1. Please indicate, with yes or no, whether at least one residue in the stretch 174-187 is within 30 Å of ALA60 (Cα to Cα), in contact (Cβ under 8 Å) with a residue 40 or more places away in the chain and in contact with a His (Cβ under 7 Å, 6 or more places away or on another chain).
2. Can you tell me which of (1) within 11 Å of the ligand (Cβ to nearest atom); (2) open to solvent by 20 Å² or more (accessible area, probe 1.4 Å); (3) closer than 18 Å to LEU194 by Cβ is the one VAL296 doesn't meet?
3. Filter the stretch 223-239 down to residues that are more than 8 Å from the ligand (Cβ to nearest atom) and assigned to a loop (DSSP other than H, G, I, E, B) and give me whichever is nearest to ALA278 (Cα to Cα).
4. Picking from ARG140, ARG71, ARG102, which residue would you name as being of a type in the set (Lys, Arg) and outside any helix (DSSP H, G or I)?
5. Considering the stretch 152-166 alone, what residues qualify as being assigned to a loop (DSSP other than H, G, I, E, B), touching a residue at least 24 places away in the same chain (Cβ under 8 Å) and either surrounded by fewer than 13 Cβ atoms within 10 Å (Cβ to Cβ) or touching a Ser or Thr at 6+ places or on another chain (Cβ under 8 Å) (or both)?
6. Name the single residue that is most open to solvent (accessible area, probe 1.4 Å) among those in the stretch 229-283 being charged (D, E, K, R) and closer than 22 Å to ALA306 by Cα.
7. If you take the residues of the stretch 240-255 that are within 10 Å of the ligand (Cβ to nearest atom) and not in a loop (DSSP other than H, G, I, E, B), which of them is nearest to ASP210 (Cα to Cα)?
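The values are calculated or read from the model by the stated rules, or taken from the named source; none is laboratory data. On a predicted model such as this, the values are computed, not experimentally measured, just so you know. Cβ placement follows ideal geometry from the backbone for every residue including glycine, while neighbour counts extend to all protein chains displayed. With ligands, DNA and RNA removed, areas are computed over all heavy atoms of the protein, side chains included. Shrake-Rupley method; radii C 1.70, N 1.55, O 1.52, S 1.80 Å.
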Amino acid sequence: MTNILVFIDVPDGSLHKSQLELLTLARTLGQPVAAVSGPVSDAVAEALGEYGATAVFQPAAADLDAVLTVRKADFLAAVMDQAQPQAVLLPNTFEGKEIAGRLSIKRRSGVITDAIAVAHDFTATKSVLAGAYTVEAQVRTGTPIITFKANSIEAEPAPEAASPQLETVAFASEAPAAQVTGRTGKPSSGRPELSEARVVVAGGRGVNGDFSAVEDLADALGGAVGASRAATDAGWIEHSAQVGQTGQTVSPQLYISAGISGAIQQKAGMQTSKVIVAVNKDPDSPVFEIADFGIVGDLFKVLPQAAAEIRKRK
Ligand code: FAD
């Protein structure tokens, strides 16, 4: 049976939706096996089994996080040697992409990032050149290492849960050149992770410094808040909210763009959203070219009305 290795990073001890999506994808390609970046609790092992993982690898060394991504790549390389997978799947986060790059060098394998679909022959679909083209790409050297965008597939438990075998993997890692000495958590907004959210409401220069209408609609929909670079550069919202070529890429079920003109660099981060709704007061704004639904109007009038209507229907 074809092993598909899925990298599961569980710093907070619970599985994320995007990780369950990776396991669901792995089941369409072969037999999922999971490499977890820390000690595996019974609850995590059970959840992995529910999504079809037949084997779970955990590192013998503790605290892989303490040296950023270096040890995670070393661990994954050791798991690859043991599990002999036909492909490796990682989340399409900044860290996932960095680990993929390091792993590809260690195992002399090709790497594909930003995938939104992977076929049986490991042909990956992704967009390139700031979203100008969608291409199909295939790794021709070594084991395909693919980072997969959250929300590109619906997470579904396996028809029959597996009882994964737990294996502890010892691996060598060079003395780290840099070490994490402390972490500062940002206060929780109670909203979902931007890259994983099913709904994203994003604001641009049009919010003119006031994100309250954007945040309120996001809360009414249980969504995350995103932003254009114009808004993050202006300091109206934190940089981690930036969507686009130099920010996060998102693929939610619904992306509401408010006061954003739809520049190609913004499009690069959100064009794979399933439904795009644009609110812009300029009827000639290029954002309407990529929108499924467009509302010409002032976001400070449209967004509160939408939020009130949604709350009424709940
Ligand atoms: P604008 O282009 O100024 O658009 C504001 C829009 O708001 C206008 O269409 C206006 O009609 C509308 N508006 C104004 N008031 C209202 C109102 N009250 N109600 C409704 N609509 C209103 N950009 C990104 O977003 N993400 C990136 O990752 C990114 N990376 C970049 C990388 C590079 C190398 C470069 C060169 C640029 C990058 N940019 C990125 C910047 C990008 O080119 C645009 O400048 C930026 O996206 C514009 O942001 P905006 O749409 O919010 O602002």
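1. No, every residue in the stretch 174-187 fails to be within 30 Å of ALA60 (Cα to Cα), in contact (Cβ under 8 Å) with a residue 40 or more places away in the chain and in contact with a His (Cβ under 7 Å, 6 or more places away or on another chain).
2. For VAL296, the failing item is (3).
3. My answer is GLY223.
4. On the way: ARG71 fails: outside any helix (DSSP H, G or I); ARG102 fails: outside any helix (DSSP H, G or I).
None of the other options fit; the residue is ARG140.
5. Of all residues in the stretch 152-166, those assigned to a loop (DSSP other than H, G, I, E, B) come to 152-164.
The next check asks that each one be touching a residue at least 24 places away in the same chain (Cβ under 8 Å); those that pass are 152-158, 161-164.
If the condition is that a residue be assigned to a loop (DSSP other than H, G, I, E, B), touching a residue at least 24 places away in the same chain (Cβ under 8 Å) and either surrounded by fewer than 13 Cβ atoms within 10 Å (Cβ to Cβ) or touching a Ser or Thr at 6+ places or on another chain (Cβ under 8 Å) (or both), then SER152, ILE153, GLU154, ALA155, GLU156, ALA162, SER163, PRO164 are the ones that fit.
6. The selected residue is LYS281.
7. Narrowing the stretch 240-255 to residues within 10 Å of the ligand (Cβ to nearest atom): 242-249.
Restricting the remaining residues to those that are not in a loop (DSSP other than H, G, I, E, B) gives 242-243, 248.
On the way: GLN242: 16, VAL243: 18, GLN248: 21 Å.
Per the stated criteria, the residue is GLN242.
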